[in-house]
Amino acid sequence: MYANNNLHRLEPLLTKQFVTVDQVDRARTSEIAESEALKQAESQLRLSQAALQSTLAQYERSGANVDESKAQHQQDLVWRSHIVGWQLLVRAVFLTQIALWKYRARLPGFELPEPVHEAQKEFDHQVAITLDSMADRMEGKSTGEKAALESSVDHLAQVIRRTALNHRQEAFGAQLQAFLILSRRIESLLSSLVREI
């Protein structure tokens, strides 16, 4: 919301040359990054809510069936442990996404070259599709669009390698590597969740 308001305040100032085109572009980029982060946060919230609803429903079912057989009770315990495991993975995804947000928002020290930033947008889109698909499956809905998360992170890695060759600064290369490690971590966590769910 702040980035949107900031952009709308800066745009009229550009015609009067009180701000530079670069400042307006940064405000626009910040607005886009904030919007994408919000979409991902909403997807993660839906996934967490679906996991919580599933856990509560399972808990209620197990409490209501006091006379159930031992085999059924063991099956319920296994199901419940899966849900708890999923919640830990979802939390790890969320925390990694928070770390990646610094790159999306292009905070000082976390700026990415434009080709990497564009590849990141596509990767972020695939992350959102994956999270929505998992939430739909947990809610018993058919999944819509199929995510291409692995190919998206591979493409991101290729863009980073090409960019690193063009920018031979050691600190810049380390920044790109840290960004790639976080992105691969998200892909790995989500792939584990997809297999389990």
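Computed values, structure above
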read-out: Extreme residue, positive dipole direction of the range 71-156, given options THR96, LEU112, GLN75 (C-beta unit charges); value: GLN75
read-out: Kirkwood-Stokes translational diffusion coefficient of the range 93-141, alpha-carbon pairs, 37 °C, 0.692 mPa s, µm²/s; value: 271 µm²/s
read-out: Extended-chain gain in nm, criterion 0.36 nm per residue less alpha-carbon gap, GLN158 and ARG28; value: 44.2 nm
read-out: Sites GLU150 and LEU107, calculated FRET efficiency, Cβ-Cβ separation with R0 30 Å, nearest 0.05; value: 0.60
read-out: Neighbour-count order for PHE179, PHE110, fewest beta carbons within 10 angstrom listed first; value: PHE110, PHE179
read-out: Volume of the Cα convex hull of the range 7-140, divided per residue and given in Å³; value: 120 Å³
read-out: Pair GLN53, THR20: separation of 7 Å Cα→Cβ label points (nm); value: 4.9 nm
read-out: Cleavage-rule hits, trypsin sites (Lys or Arg not before Pro), the range 90-154, DSSP coil, Cβ neighbours within 10 Å at most 13; value: LYS141, LYS146
read-out: Pair SER142, GLU11: separation of 7 Å Cα→Cβ label points (nm); value: 4.0 nm
read-out: Mean Kyte hydropathy of -0.5 or more with a Cα span along the axis of at least 24 Å, helices from DSSP in the chain; value: 70-104, 149-166, 170-196
read-out: Net charge, TRP86 excluded, C-beta distance under 13 Å - Lys, Arg +1, Asp, Glu -1; value: +3
read-out: Assigned charges on the beta-carbon of Lys, Arg, Asp, Glu; the range 44-196 dipole about Cα centre (debye); value: 340 debye
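A short reminder: the numbers here are calculations on the coordinates, not readings from a lab. These numbers come from a predicted model, not from an experiment. Virtual Cβ from ideal backbone geometry, glycine too; neighbours counted across all protein chains shown.
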